[in-house]
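Note sheet for the following structure.
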Amino acid sequence: MERRRFIRTVSSGVLGLSGALALKGSGKTLLGDIGSAPIPKRPLGRTGEKLSIIGFGGIVVSKEAQSNADRYVREAIDHGINYFDVAPTYGDAQDRLGPALIPFRRDVFLACKTTQRGRQGAEAELNQSLQLLQTDHFDVYQLHGLSKTEEVEQAFGPDGAMETFLKAKKEGKTRFLGFSAHSEAAALLAMDKFDFDTILFPVNFASFLKNGFGPKVIARAREKKMGILALKILARQKWPEATMRQEYPKCWYQPITDPGEGELSFKFTLSQPITAAIPPGDPRIFKRALELAHQFAPITPDEESKLRAIAAGLDPIFG
């Protein structure tokens, strides 16, 4: 790390800590009271890192005032969150998250992604993300949203994105390499082609229990000793009606709003062999995920049976 950046980070960190402590005592928080039980942390595959069992998705701060973004980040860290995930496709999330993370960058695990499959596009997007997030490196950089095997082949082909990824790791612009996927076939192919450090994949009760979407990917990732990160922890199903999306514009699927169902869904995902999960980007849903993380307990067989019955009547988003 450059000396000038180190000094700036430390100085900002002192100011940020003071602000966070002030928020703790003020009672005026955006994300609710901090639970008495700390949010658990789990090992991330073979990386040597430990992450909070839920992460902070960058969509939470997209389209927010910078002052609110700063507070969301400070309060998430006060709750024990050390895993932050963002991507260029999340609107202005990078613009908001970068300044908000300055005081805390040395203490968090920052993940970023690219949907570019070619070398030049991936390199341009990587460097722009580093600039917007005001950091000299990512902790993990990921191929984002692999949905077709053709995308995997392109990324690994001549002049493909993986050339940028390998160069970035060699240059210290990223510590680890990973990918996210919305397709079992694409995920399995990507794992066959390269020894990635992490995978970010939907581990959602309805898709898993009704459609069998996920178990094969999790099993393969475990064989490779990868860090397994989960998406869609509090997703319910496809939107039953398009008009319902207006209340949750940051969610392309129907999020779980029923407290009991949300607790069961949360328990289900985090009872699988994963490290951490990213909740939906709506601040209200993220707040609920924080509450559940403070009181997490593994799912029981009876609770899983209840979820299976609920899943039977849903239209899952995957599988």
Could you tell me which numbered condition Leu143 fails, if it satisfies all but one of (1) in contact with a His (Cβ under 8 Å, 6 or more places away or on another chain); (2) part of a strand (DSSP E or B); (3) not β-branched (Val, Ile, Thr)? (1)
Tell me which residues, restricted to the range 200-220, are surrounded by fewer than 17 Cβ atoms within 10 Å (Cβ to Cβ) and either closer than 21 Å to Thr115 by Cα or free of Cβ contacts under 8 Å to residues at least 12 places away in the same chain (or both). Pro215, Ala219
All positions within the range 82-99 that are over 23 Å from Gly145 (Cβ atoms) and either in a helix (DSSP H, G or I) or touching a residue at least 60 places away in the same chain (Cβ under 8 Å) (or both): Pro99
On the given criteria, is Ala76 in a helix (DSSP H, G or I), touching a strand residue (DSSP E or B) at 6+ places or on another chain (Cβ under 9 Å), of a type in the set (Gly, Ala, Ser) and closer than 25 Å to Ile233 by Cα? yes
Can you run down the residue pairs with Cβ atoms below 6 Å, 6 or more apart or on separate chains, where the first is in the range 185-199 and touching a residue at least 60 places away in the same chain (Cβ under 8 Å) and buried (at least 20 other Cβ atoms within 10 Å of the Cβ) and the partner is assigned to a loop (DSSP other than H, G, I, E, B) and of a type in the set (Val, Ile, Thr)? Asp197/Thr47
Answer yes or no as to whether Phe179 is out of contact with any Lys or Arg (no Cβ under 8 Å at 6 or more places or on another chain), among the aromatic types (Phe, Trp, Tyr) and within 27 Å of Phe318 (Cβ to Cβ). yes
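Which of the residues that make up the range 236-271 are in contact (Cβ under 8 Å) with a residue 40 or more places away in the chain and either in contact with a Pro (Cβ under 6 Å, 6 or more places away or on another chain) or not hydrophobic (A, V, I, L, M, F, W, C) (or both)? Steps first, please.
Initial filter on the range 236-271 (in contact (Cβ under 8 Å) with a residue 40 or more places away in the chain): 236-238, 240, 250, 253, 261, 264-265, 268-270.
Within the range 236-271, Arg236, Gln237, Lys238, Pro240, Lys250, Tyr253, Glu261, Ser265, Thr269 qualify.
Filter the range 39-87 down to the residues that are aliphatic (A, V, I, L, M) and more than 15 Å from the chain's Cα centre (by Cα) and list them by number. Break it down stepwise before answering.
Applying the first criterion (aliphatic (A, V, I, L, M)) to the range 39-87 yields 39, 44, 51, 53-54, 59-61, 65, 69, 73, 76-77, 81, 86-87.
Ile39, Ala65, Ala69, listed by residue number.
Values quoted throughout were computed directly from the atomic coordinates according to the rules given, and no laboratory measurement underlies them. Since this is a predicted model, take the numbers as computed values, not measurements. Quick reminder, even Gly has a Cβ in these numbers, built from the backbone with ideal geometry, and neighbours come from all protein chains shown.
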